[in-house]
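S.K.: Please read through the structure below; I'll follow up with questions.
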Amino acid sequence: MGDAIKNFVDWLTQPTLYFTLSTVAILAILKYRKYTTKISVIIGTFVVGIAFLAFAWGDTNFNRIITKPDNIPIIILLAAVLYFSWLSLRRAYLNDERMKQGMPPLEGDAGKQKVHTWPDLVYVELICLVLFTAFLLFWSIGVQAPIEEPAATARTPNPSKAPWYFLGLQELLVYFDPWLAGVLLPTFIVVGLMAIPYIDKNPKGNGYYTFEERAFSVTFYWVGFLLFWISFIILGTFLRGPNWSFFGPFEYWDLHKLAPEMNVDVSTYFWVKLLDMPRPANIFLRESPGLALLGVWFFIIPKVLERPIMAKLYDGDRSNLVRYHVMMHLLLWFGLIPVKMLLRWTVDLKYIVGIPEWFLNV
Amino acid sequence: MNKLFQAIRQTQIWKSIFRHSYPDTPRNRTLAVLSNFFLHLHPVKVRRSGINLSYTWCMGGLTFFLFLVETITGLLLMFYYRPTAEYAYQDIFALRENVPLGLMREAHRWAAHLMVITVWLHMYRVFLTGSYKPPREFNWNVGVILLVLTLLLSFTGYLLPWDQLAVWAVTVGTNMARATPFLGHEGPGAALLSIGGLDLVHAGSDVRFGLLAGRFVGEGTLLRFYVLHCVGFPLIAATLMAIHFWRVRKDGGISGPL
């Protein structure tokens, strides 16, 4: 029985299934928020989570990863993110229901009343401070900070992992070259976050939780934060072992587990497999199919969607054209990630455009 | 006991520090905030929603608190730590064995991890309540930079124990820099930057070299990260935090329905 569960979990957590199921779960939670925001749901989630942890604790391989001191914050992160996502969605649902009945959001009345900072705010701060200090002290007494062997630049540990908060980016390295995964995409994340207040012209939902008034924004942030950031960190921490190969949570980290890589470029698909001829020597000609695909992705799609999306987001006001194109460009870069992942899983795609001569691979 | 308190409150010393009597009236509660340097970060009155934990999650405040914890524990750690390849590892190891109440490294590390989490959750809350919307667009931007700084602070600190974990995590992280377009020697476009067949961007001159002070993570990197971790980034972060808090006030306080 125990082994059957372990094998099932190992099978369930392989990247393709893990990612697909996470996507479906997140969208379903948002869609059926009437039911998923019930108090019993979050209690049930934590009970199941703790039960799973208790069950899995006895497994040598699982225990080895979970008890690493630096992985404790990730458990805290997971619990906190689950709870706060649920809380925000619950309040959003309650607010949406209230507003449908013509009532102000939960924050509405409370936002109008004012209370004295001393003592009302100060004592909340004091309680938080004392609780957190106590928590931190217990944690510090209970768990020693890790220290491994002294640095040796000649001995590379396998796997070499970035600090946990960057593991989402390291996971992207499976699908993209470093200039995208490590430089360009992180830059776009920061730029994109900064651009949000200037792109989003929806005046609703300022200062209270809501889903229906900001359905796209909230879904976008859930997908971006929970799916592509948090779930990638979980994946990178617990499910990636030596050589960045995939390992189920109950699987032994075998150094020799090597998944054969037989990935193929778009240019090979086009010239060799489709036209049955060798790839042309000229780089531009060789990569023209991939370049054409990227051209469609980055230039044709925004043009085609311009009219409907402009109408929906900005009431067709053409003075917002720059907003629209900045947004689309950022979204399309973001969208390239799941597209590339799907292509890798389905047709073993390596590069859409592959010009290793110039280190320019997409 | 009560009398003793009363007596202390009547002394000239007490009165020179606190210029109001016990804050149990609206007037004295106002004065308690206005006449206290630390409390005057806050407005005299706040929206009731602003003290509702299920609205604010308290994550911004906790982040600031953790920053203060990091500053204090970090300062204490600096007494015992020498940022050289020769001593760094030994000093960290000695912290565990030889220093009384050697909890500082633990507290520093766990608080750092927690701070990353609280920053993310703070941003999550601010997004979900639409609190980046006008008039708070600029403060959201300051917040994004503070988020990046938090990660950089954590990342630079990761190297300092100078063990295998530290060196290789930083190696993995900084290896990305060599692929920076134009500025990294394995980045697209770098080959275009050459004069008379002489490459301007190579392993000994690219952005990664500048970051690491060498071709790989070495003693120069340790010093560079140490200085950034203890002086550079905290100074920038503290400045931006001051702006962040000030702007919260100027933009209408903790957000609430308009």
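Every number in this text was worked out from the coordinates using simple rules, so none of it is lab data. Bear in mind that the values here come from a model prediction, so they are computed numbers and not experimental data. Quick reminder, even Gly has a Cβ in these numbers, built from the backbone with ideal geometry, and neighbours come from all protein chains shown.
S.K.: Express in whole angstrom the spacing between the alpha-carbon centres of the range A:122-168 and the range B:3-29.
M.R.: Rounded to whole Å, the Cα centres lie 42 Å apart.
S.K.: Kindly provide the helix-only [θ] at 222 nm of chain A, computed as the sum of -39,500 (n - 2.57) over DSSP H runs of four or more divided by all residues, to the nearest 500 deg cm²/dmol?
M.R.: Computed ellipticity for chain A at 222 nm equals -18000 deg cm²/dmol.
S.K.: Under 15 Å from the Cβ of residue A:8, count the other residues' Cβ atoms, weight Lys and Arg +1, Asp and Glu -1, and hand me the total.
M.R.: Every neighbour counted, the sum reads -3.
S.K.: List the aspartates and glutamates whose alpha-carbon lies under 12 Å from that of residue A:350, not counting same-chain residues fewer than 8 positions away?
M.R.: A:177, A:261, A:265
S.K.: Between residue A:5 and residue A:201, with labels modelled 7 Å along Cα→Cβ, what's the label distance in nm to one decimal, could you check?
M.R.: So the two model labels end up 5.4 nm from each other.
S.K.: Return the loop-located trypsin sites (Lys or Arg not before Pro) in the range B:217-258 (DSSP other than H, G, I, E, B) with at most 15 other Cβ atoms within 10 Å of their own Cβ; answer none if there are none.
M.R.: none
S.K.: May I ask for the net charge around residue A:177, where only other residues with Cβ less than 12 Å from the Cβ of residue A:177 are counted and Lys, Arg are +1 while Asp, Glu are -1?
M.R.: Summing Lys/Arg as +1 and Asp/Glu as -1 gives +2.
S.K.: Still on this structure, please answer the following. Take the alpha-carbon centre of the range A:169-200, take the same for the range A:1-32, and report the distance between them in whole Å.
M.R.: So the separation of the two Cα centres works out to 26 Å.
S.K.: Net charge around residue B:222, counting only other residues with Cβ within less than 13 Å of its Cβ (Lys, Arg = +1; Asp, Glu = -1)?
M.R.: Once positives and negatives cancel, what remains is -2.
S.K.: Would you pull out the residues with amide H under 5 Å of residue A:355's amide H, same chain only if 5 or more places away, H placed 1.01 Å from N?
M.R.: Residues meeting the amide H criterion: A:360, A:361, A:362.
S.K.: Output the Kirkwood hydrodynamic radius of the range B:19-118, Cα pairs only, in Å rounded to one decimal.
M.R.: Working: mean 1/r = 0.0594 Å⁻¹.
The answer is 16.8 Å.
S.K.: Right, another one. Hey, rough spin-label estimate for residue B:8 and residue B:235, points 7 angstrom out along Cα→Cβ, what's it come to in nanometres?
M.R.: 3.9 nm
S.K.: Is the shape of chain A rounded, prolate or oblate, going by the alpha carbon gyration tensor and its root eigenvalues a ≥ b ≥ c, with a/c under 1.5 for rounded and a/b larger than b/c for prolate?
M.R.: oblate
S.K.: With +1 on the Cβ of every Lys and Arg and -1 on the Cβ of every Asp and Glu, and nothing else charged, how large is the dipole of the protein assembly as shown about its Cα centre, in debye rounded to the nearest 20?
M.R.: Computed charge dipole of the protein assembly as shown: roughly 2440 debye.
S.K.: Residue separation times 0.36 nm, minus the C-alpha to C-alpha distance between residue A:67 and residue A:158: what's the value?
M.R.: Values: separation 91, 0.36 × 91 = 32.76 nm, distance 1.84 nm.
So the chain would gain 30.9 nm between residue A:67 and residue A:158.
S.K.: Points 7 angstrom from Cα along the Cβ direction at residue B:227 and residue A:256: gap in nanometres?
M.R.: The modelled label-to-label distance comes out at 4.9 nm.
S.K.: I've got another one for you. Counting residues in the range A:1-40 as N, plug N into 2.2 N^0.38 Å and put the Cα Rg over that result.
M.R.: 1.51
S.K.: Tell me the relative contact order for chain A as a rounded percent, counting alpha carbon contacts under 8 Å between residues six or more apart. The partial results should precede the final answer.
M.R.: On the way: 271 pairs, mean separation 81.4, N = 362.
Contact order relative to length: 22 percent.
S.K.: Normalising by the residue count of chain B, find the relative contact order in percent from Cα pairs under 8 Å and 6+ residues apart.
M.R.: Contact order relative to length: 18 percent.
S.K.: Just A:110, A:51, A:195 to compare: in a GNM of chain A, with alpha carbon springs under 10 Å, which one fluctuates most?
M.R.: A:110
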